[in-house]
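A short worksheet on the structure shown next.
The values are calculated or read from the model by the stated rules, or taken from the named source; none is laboratory data. All figures in this text were calculated on a predicted structure; none of them were measured in a lab. Backbone-built Cβ (ideal geometry, glycine too); neighbour counts: all protein chains shown.
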Amino acid sequence: MCSKLLEKFVFAISVSSACAVVHAGELTEVTNEVNAEPDASIPLLAVDGPEMASFYYDYVGEMDFEDESGSYNLNAFRLQSPIAGAYDDGFGWGVDVFLEYTDFNVKDQPALEDLDLYRIGMDLNFIWLNVKGSKWSPVLRLSPSLSSDFESVSTDDFRMTATAGAFYQQRSNLKWLFGIFYTNNYYSDKWNSFFMLPVVGFSWQPADCYDITALGPRIDFSYLPNDDWKIGAFFAARSRNWNTEGDNSFQVSAYIVGVRLDYQVVEDCWIIGEAGMTINNSVDVYDRHDRELFSEDADAGVFASVGLRYRF
């Protein structure tokens, strides 16, 4: 019971697969530039880095349920692009839009069915650099979205995640993030409305070619041998929740551990590959009255991801 409770708590901090980490003074996923030119440092706070559009495909292999019959696997696509942003006199802001599609496939489990799941939304990002000459830079990130199978659309499809806090530049190679994380994009029989939790993260570059970042249950270690290559390893927790037909809450969660390779094929364009294992996999379904319809862990599985990123 305690381990299950702890697992749910950890997933609450990382409900989004695009959960941000601290990097180079921005609230963003780990970017891949080495010695980036000044334009790339403008803090527009897009998920993949300043002024960055991206496309990803994820595959999660078939996993057997531990105590129930059947198995499942996932295919997912994500497209994201900035649409507006500016930086002036220490203040930066940016707006990204994104579309996610997840194909959930199940075998030999009568309580579940194949689902086409969608998430459409935007990221609103703001930063105030070095307020009044201090080492503090306040940040705010808002991510409203619709998360649904779109069989019908209601207010239950609406999701919101938000992070409010501040970076603290302790040293030139060490930056901290302190703040508060809020979401209603996670569901359990213990917490079925929303979470508001403290966040502590850091970005540390022990040498020019190494970078270590951590926020909540995501840790990244990266080696950057030159301007075109980035090699890394990571551990993270992922959870996604959708409102489905009948106003049921459908949720898929996992821990992932893997390696990542980024390569700049031409100027401002990168290809990305990831591969590894998923562990502590689970599928949970609750009805509109908070009654558990299905809750089952699954065996470890494999995952792979490919992506393309382009900076405008």
Checklist entry - Do we have residue 126 as closer than 22 Å to residue 252 by Cβ, touching a residue at least 12 places away in the same chain (Cβ under 8 Å) and not in a loop (DSSP other than H, G, I, E, B) here? => result no
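Count, please, the residues in segment 63-75 that happen to be out of contact with any Phe, Trp or Tyr (no Cβ under 7 Å at 6 or more places or on another chain) and closer than 15 Å to residue 302 by Cβ.
Residues meeting the conditions: 2.
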Next on the checklist: Out of the residues in segment 123-155 meeting the condition of being of a type in the set (Asp, Glu) and crowded, with 18+ Cβ neighbours inside 10 Å, tell me which one is modelled with the highest pLDDT.
Outcome noted: 149
Next on the checklist: Of the residues 100, 66, 113, 51, only one is within 29 Å of residue 294 (Cα to Cα) and surrounded by 14 or more Cβ atoms within 10 Å (Cβ to Cβ); which?
Outcome noted: 100
Item to check | In segment 294-312, residue nearest to residue 60 (Cα to Cα) [restricted to those that are under 21 Å from the mean Cα position of the chain (by Cα) and of a type in the set (Phe, Trp, Tyr)] | outcome: 303
Checklist entry - What number of residues within segment 87-115 satisfy the criterion of being free of Cβ contacts under 8 Å to residues at least 40 places away in the same chain and in contact with a Pro (Cβ under 6 Å, 6 or more places away or on another chain)? => result 0
Checklist entry - Do you know which residues across segment 214-254 are on the phi < 0 side of the Ramachandran plot, surrounded by fewer than 19 Cβ atoms within 10 Å (Cβ to Cβ) and touching a helix residue (DSSP H, G or I) at 6+ places or on another chain (Cβ under 7 Å)? => result 217
Checklist outcome for this item: With the first residue restricted to segment 154-166 and required to be closer than 30 Å to residue 130 by Cα, and the second required to be assigned to a strand (DSSP E or B) and of a type in the set (S, T, N, Q), Cβ contacts under 6 Å at 6 or more apart or on different chains are 161/143; 161/183
Checklist entry - If you scan segment 207-227, which residues turn out to be free of Cβ contacts under 8 Å to residues at least 40 places away in the same chain and in contact with a strand residue (DSSP E or B) (Cβ under 7 Å, 6 or more places away or on another chain)? => result 210, 212, 219, 221, 223
Checklist entry - Within segment 261-279, how many residues are in contact with a Ser or Thr (Cβ under 8 Å, 6 or more places away or on another chain) and crowded, with 17+ Cβ neighbours inside 10 Å? => result 2
Checklist entry - Does segment 281-292 include one or more residues that are among the small types (Gly, Ala, Ser) and surrounded by fewer than 16 Cβ atoms within 10 Å (Cβ to Cβ)? => result no
Checklist entry - Would you call residue 261 in a strand (DSSP E or B), of a type outside the set (S, T, N, Q) and in contact (Cβ under 8 Å) with a residue 60 or more places away in the chain? => result no
Checklist entry - more than 16 Å from residue 245 (Cα to Cα) and in a strand (DSSP E or B): does that describe residue 119? => result no
Item to check | segment 78-115 - residue that is among the charged types (D, E, K, R), at pLDDT 95 or above and not in a loop (DSSP other than H, G, I, E, B) and, of those, nearest to residue 52 (Cα to Cα) | outcome: 78
Checklist entry - In segment 219-240, which residue that is in a strand (DSSP E or B) and either among the charged types (D, E, K, R) or within 30 Å of residue 288 (Cβ to Cβ) (or both) is nearest to the chain's Cα centre (by Cα)? => result 238
Next on the checklist: Would you confirm whether or not segment 241-251 contains a residue that is outside any strand (DSSP E or B), over 18 Å from the mean Cα position of the chain (by Cα) and charged (D, E, K, R)?
Outcome noted: yes
